[in-house]
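K.L.:
This structure is in structure tokens; I'll ask about it shortly.
Read-outs: derived from the displayed coordinates by stated rules, not from any lab. Note that this is a predicted model, so its numbers are computed, not measured. For neighbour counting, all protein chains shown are included, and Cβ atoms are generated from backbone atoms with ideal geometry for every residue, glycine included.
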Amino acid sequence: MDGSSPGAHSAQTLAGDLSFGSDNLPNHLFLDAAENLYICETAANRIQLLSGSDLGIFASQGLNQPVGIAQRANGNFLVSNHGNGTIVELNAGGEVVQVVDTGLGAEVLYGITVRANGEIYVVADNRGDGSVFRVNMP
């Protein structure tokens, strides 16, 4: 027990009206150092940005069922696309810098992360055979 009363916990809606469709729910959240919240809105093929109380589209170009987002040391973002097996690099303004085909195929990519040394890792699932891969990107 944490000592708090049962009614002391609550949840507050920060972003409503997100696109839900079949199995493609808003899939991943990323909070940057400035406390901006990035939301992978998988079914709508876009990334939403919640900055303070303002919610808007951060990126949609080049996205195909985005399911993961991470940030590189240079400030750019990497987005894993479930729909086509690519990783999209976006600049701080949400513009496409590069698109890399992982070679893993469509509908297998899920999460993505970047180590402090710059190494990029993705989680892929091929019909129940999940694996973690290191991806080389310039």
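K.L.:
May I ask you to sort HIS82, HIS28 by Cβ crowding, counting other Cβ atoms within 10 Å and putting the fewest first?
P.N.:
Lowest count first: HIS28, HIS82.
K.L.:
Once you place label points 7 Å from the Cα toward the Cβ at ARG127 and ALA33, how far apart are they in nm?
P.N.:
Taking the simple label geometry, ARG127 and ALA33 are separated by 4.5 nm.
K.L.:
Would you order VAL79, VAL132, VAL88 from fewest to most other beta-carbon atoms within 10 Å of each residue's own beta-carbon?
P.N.:
Ascending Cβ contact count within 10 Å gives the list VAL132, VAL88, VAL79.
K.L.:
Counting only other residues whose beta carbon sits under 12 Å from that of ARG115, what net charge do I get with K and R as +1, D and E as -1?
P.N.:
Computed value for this residue: +1.
K.L.:
If I model a spin label as a point 7 Å beyond the Cα along the Cα-Cβ vector, how far apart are those points for ILE57 and ALA116 in nm?
P.N.:
Those two pseudo-labels are separated by 3.8 nm.
K.L.:
Continuing with the same structure: How charged is the neighbourhood of ALA124? Take every other residue with its Cβ under 12 Å from the Cβ of ALA124, and add Lys/Arg as +1 and Asp/Glu as -1.
P.N.:
-1
K.L.:
Let me ask something additional. Going by how many other beta carbons lie within 10 Å of each one, how would you line up LEU49, LEU78, fewest first?
P.N.:
LEU49, LEU78
K.L.:
Next up: For the range 118-128, just list the computed ³J(HN,Hα) in residue order, Karplus coefficients 6.51, -1.76 and 1.60, θ = phi - 60°, integers in Hz, with x standing in for Gly and Pro.
P.N.:
Each residue's phi maps through the Karplus curve to give x, 5, 10, 10, 10, 9, 10, 10, 10, 6, x Hz.
K.L.:
First select every other residue whose beta carbon is under 11 angstrom from the beta carbon of PHE77; then total the charges, Lys and Arg +1, Asp and Glu -1.
P.N.:
It works out to a net charge of -2.
K.L.:
Using the Karplus equation 6.51 cos²θ - 1.76 cosθ + 1.60 (θ = phi - 60°), what ³J(HN,Hα) coupling, rounded to whole Hz, does each residue of the range 54-61 give in order, writing x for Gly and Pro?
P.N.:
Karplus values, whole Hz, x for Gly and Pro: 9, 10, x, 6, 8, 7, 9, 5.
K.L.:
What Kirkwood Rh does the range 60-138 have if only Cα atoms enter the pairwise 1/r average? Answer in Å.
P.N.:
Every distinct Cα pair counted, the radius reaches 12.3 Å.
K.L.:
How far is it, in nm, from the label point at ALA92 to the one at ARG134 when both lie 7 Å from their Cα along the line to the Cβ?
P.N.:
Here the answer is 2.9 nm between the modelled labels.
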